[in-house]
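Right, one structure below, let's go through it.
The values are calculated or read from the model by the stated rules, or taken from the named source; none is laboratory data. On a predicted model such as this, the values are computed, not experimentally measured, just so you know. In this analysis, Cβ positions are derived from the backbone assuming ideal geometry, glycine residues included, and neighbour counts consider all displayed protein chains. Accessible surface areas use protein heavy atoms only, side chains included; no ligands, DNA or RNA. Shrake-Rupley method; radii C 1.70, N 1.55, O 1.52, S 1.80 Å.
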Number of protein chains: 2
Amino acid sequence: METIMSPKNDKIKRAKKLTRRKYQKDYDRYLLEGPHLVREAIASGAQPETIFVTSKYLHEQAVRDYYDQTIEISSEVAQHLAETPTPQGMFAIMPLPHVELPTNLAGSFLLLDAIQDPGNVGTMVRTADAAGIDTVVLGHGTADAYSSKVLRAMQGSQFHVPVVSANLNHLIPKLKDAGVPVYGTELNDQALPYTDVAPTTNFALVMGNEGNGMDPALLAQTDQNLYIPMRGRAESLNVGVAAGVVLFHLLA
Amino acid sequence: METIMSPKNDKIKRAKKLTRRKYQKDYDRYLLEGPHLVREAIASGAQPETIFVTSKYLHEQAVRDYYDQTIEISSEVAQHLAETPTPQGMFAIMPLPHVELPTNLAGSFLLLDAIQDPGNVGTMVRTADAAGIDTVVLGHGTADAYSSKVLRAMQGSQFHVPVVSANLNHLIPKLKDAGVPVYGTELNDQALPYTDVAPTTNFALVMGNEGNGMDPALLAQTDQNLYIPMRGRAESLNVGVAAGVVLFHLLA
């Protein structure tokens, strides 16, 4: 097994670049950090190009299964590769998945319209996975799914639920044509309490930007607007919490 | 009106210290950042000791109401005071509220057991406020409510719902004695789906640490454990999302 002790090694320089969107696109790869996420990736059938481990992780099953692609690294190298302050010492270079929308649009969809905060995007993918959503769609202006903060917040849910990028302006009419009701989330005159919609596995829910809400052009295309009635005095909910409340009701 | 152009001014040095727990306790004050939060604070009846504004915010109602306590600051000073990268130019020194538990324990409670992430703590206070919780209790090991990250995530909900620190080991038996059912959140043999509990305004819900879950000593004292059934493959939910799903069901 190859051992790398210096962050200046070319393989380490390349791996570190794969935390950045530009290089992820160029190389069609991304760097995944942490034993939990690497195990999830492999369990889902994804094939690591390279695994990097500190000595502590030499006995991992993944290392046995991908021995020829494994490189032992020093803690200094682990610190350099890491996007977290206290890295655990296991990383993998993974292929960027090429996930497409299903040709037959059916089932449940979570559509993210310009969700800026990476933690919110990751939390919503994780929540969608937990609730049983079939497809998550990231619209224009939404934080990139393979940034390190989104990867951390997703907790591996990208290996359980397809995460697709698409133009929501084009997608919403197609969903409606396919008989999938599209629910917006914005408090206006036409909005219904979310509990007025009976549980269903056939819908698309659109969550809008943290500060500005949904794009009016998208809102105009939805079948129905939903809101969460509040007994208290907060003006709004965190967008990830709001998505969780509505999804666990709809998919109950 | 006094004008301060330099971050080295003693009043600015003191204000900056009031973003840190040690000094907050010593001076019994904290620094609040952002026009939205300062407006919320004043609307709730809290009395600012000092308001700092850049020229852009000179026409705020708060500035008119507290003219003698207002100091105009330069953008450089605003940048220095701020805990956010792009500050908006309005700050206030506020008294630390001294909130006690109600002597008559009744109503709905959200108990946070060692919630470490400030964003999660703040989001849960905001969610509790929105859902109509009567009292939020921060147990041992929970991030401090007046750290800048918690303040940001609370979005002013600390002015709508009492946020109290208490020893949960002592509080839980008292809640039970007062006839308030205490629900833990942990997936174990005795746990019930949260939807099995009918909506109610008389309960205490305990949310546990992000990585380790609830303290077993607390868990042993609860009346009932609840869990969120997951249709998908995620192992767990973000703790703030989980709190939202359960609270909006219980307080529906």
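Which shape class, rounded, prolate or oblate, goes with the protein assembly as shown when its Cα gyration tensor gives a ≥ b ≥ c as root eigenvalues, a/c under 1.5 marks rounded, and past that a/b bigger than b/c marks prolate? Rounded. With respect to chain A, whose longest principal axis is taken over its alpha-carbon atoms, helix A:168-177 is tilted by about 60°. Between A:Thr103 and A:His140, the modelled labels are 2.8 nm apart [label points 7 Å from Cα along Cα→Cβ]. Which angle between 0 and 90 degrees, to the nearest 10, do you get for helix A:239-250 versus the longest principal axis of chain A when only C-alpha atoms count? Helix A:239-250 sits at roughly 70 degrees to that axis. With angles folded into 0 to 90 degrees, how steeply does helix B:118-131 sit against the dominant principal axis of chain B? Use alpha carbons for both and round to 10. Between helix and principal axis, roughly 70 degrees. Please state the shape class of chain B: rounded when a/c is under 1.5, otherwise prolate if a/b exceeds b/c and oblate if not, all from the C-alpha gyration tensor. Note, shape of chain B comes out prolate.
Taking other residues whose beta carbon is less than 9 angstrom from the beta carbon of A:Met90, and scoring Lys, Arg as +1 and Asp, Glu as -1, yields 0.
Sequence-ordered 3J(HN,Hα) estimates for the stretch B:21-35 from the Karplus curve with 6.51, -1.76 and 1.60 and θ = phi - 60° stand at 3, 4, 6, 4, 5, 4, 9, 6, 9, 9, 9, 10, 10, x, x Hz, glycine and proline given as x. One chain, two ends: B:Arg152 and B:Gln47. Fully extended at 0.36 nm per residue, the span grows by 35.9 nm beyond their Cα-Cα distance. Partner aspartates and glutamates whose Cα lies under 14 Å from the Cα of A:Lys11, excluding those fewer than 8 positions away in the same chain, are identified as A:Glu2, A:Glu49, A:Glu72.
Here the protein assembly as shown carries DSSP beta bridges of which approximately 30% are antiparallel, counting only pairs with both residues inside.
If you add up the charges near B:His249, with Lys and Arg at +1 and Asp and Glu at -1, over every other residue whose beta carbon is less than 13 angstrom from its beta carbon, what do you get? Don't skip to the end; give the middle numbers.
On the way: positive: A:Arg231; negative: B:Asp196.
Cβ neighbours under 13 Å give a net charge of 0.
Once backbone amide H atoms are built at 1.01 Å from N, A:Ser165 has A:Leu138 as its partners under 5 Å, excluding neighbours fewer than 5 places away on the same chain.
Just to be sure I understand: if you take the accessible area of chain A alone plus chain B alone and subtract the pair, with a 1.4 Å probe, what total do you get in Å², rounded to 100?
2500
Taking a threshold of 21 Å on the Cα-Cα distance, which of the pairs A:Lys149/A:Lys174; A:Lys25/A:Lys176; A:Lys22/A:Lys149; A:Lys149/B:Lys13 fall above it?
Details: A:Lys149/A:Lys174 31 Å; A:Lys25/A:Lys176 32 Å; A:Lys22/A:Lys149 16 Å; A:Lys149/B:Lys13 33 Å.
Over 21 Å Cα-Cα: A:Lys149/A:Lys174; A:Lys25/A:Lys176; A:Lys149/B:Lys13.
A straight line joining the Cα centroids of the stretch B:89-146 and the stretch B:161-225 runs 16 Å.
Kindly give the semi-axes, whole Å and largest first, of the ellipsoid equivalent to the stretch B:85-133, taking each as the square root of 5 times a Cα gyration tensor eigenvalue. Intermediate results must be reported in sequence, preceding the final value.
Values: eigenvalues 134, 55, 27 Å².
So the equivalent ellipsoid measures 26, 17, 12 Å along its semi-axes.
What part of the accessible area of the protein assembly as shown, given as a whole %, is carbon or sulfur when the probe is 1.4 angstrom?
Working: 10730 of 22430 Å².
The value for the protein assembly as shown is 48 percent carbon and sulfur by accessible area.
Taken over the stretch A:2-95, the convex hull of the Cα atoms encloses 88 Å³ per residue. Here A:Asn212 yields copy-to-copy label distances, from shortest upward, of 4.4 nm, the label point defined as 7 Å from Cα along Cα to C-beta. Whole-Hz Karplus values for the stretch B:51-66 come out as 10, 10, 9, 7, 4, 4, 9, 5, 9, 4, 4, 4, 5, 5, 5, 10 Hz, taken residue by residue from phi with 6.51 cos²θ - 1.76 cosθ + 1.60 and θ = phi - 60°; glycine and proline positions read x.
In whole angstrom, the stretch A:106-200 maps to an equivalent ellipsoid with semi-axes of 23, 14, 14, each derived as √(5λ) from the alpha carbon gyration tensor and ordered largest first.
Put A:Asp189, B:Asp134 in order of accessible area, largest first, 1.4 Å probe: what do you get? It would help to have the intermediate numbers written out before the result.
On the way: A:Asp189 145, B:Asp134 70 Å².
So, going from the largest accessible area down, we get A:Asp189, B:Asp134.
Residues of the stretch A:122-147 that bury at least 30 Å² of accessible area when the other protein chains are present, relative to the chain alone (probe 1.4 Å, heavy atoms, ligands and nucleic acids excluded): A:Thr123, A:Arg126, A:Asp129, A:Ala130. Residues of the stretch B:219-252 whose accessible area, computed with a 1.4 Å probe over protein heavy atoms, drops by at least 40 Å² once all protein chains are present relative to their chain alone are B:Arg231, B:Arg233, B:Ala234, B:Glu235, B:Leu237, B:Asn238, B:Val241, B:Val245, B:Phe248. Which residue, B:Gly34, A:Ser75, B:Val150, has the largest displacement toward the positive end of the dipole of the protein assembly as shown when charges sit on each Cβ (Lys, Arg +1; Asp, Glu -1)? Of the options given, the answer is A:Ser75.
Express the accessible area of chain B per residue in Å², computed with a 1.4 Å probe while the remaining protein chains stay in the model.
With all protein chains present, chain B gives 45 Å² per residue.
Starting from the 7 Å offset along Cα-to-Cβ, what nm value, one decimal, do you get for the label separation of B:Asn9 and B:Asn167? Modelled inter-label distance: 4.5 nm.
With +1 assigned to the C-beta of every Lys and Arg and -1 to the C-beta of every Asp and Glu, and no other charges, what is the dipole magnitude of the stretch B:108-251 about the Cα centre in debye, to the nearest 20?
On the way: 7 positive and 13 negative charges, 69 e Å.
Computed about the Cα centre, the dipole is about 340 debye.
Summing Lys and Arg as +1 and Asp and Glu as -1 over all other residues whose Cβ lies under 13 Å from the Cβ of B:Ser108 gives a net charge of -1.
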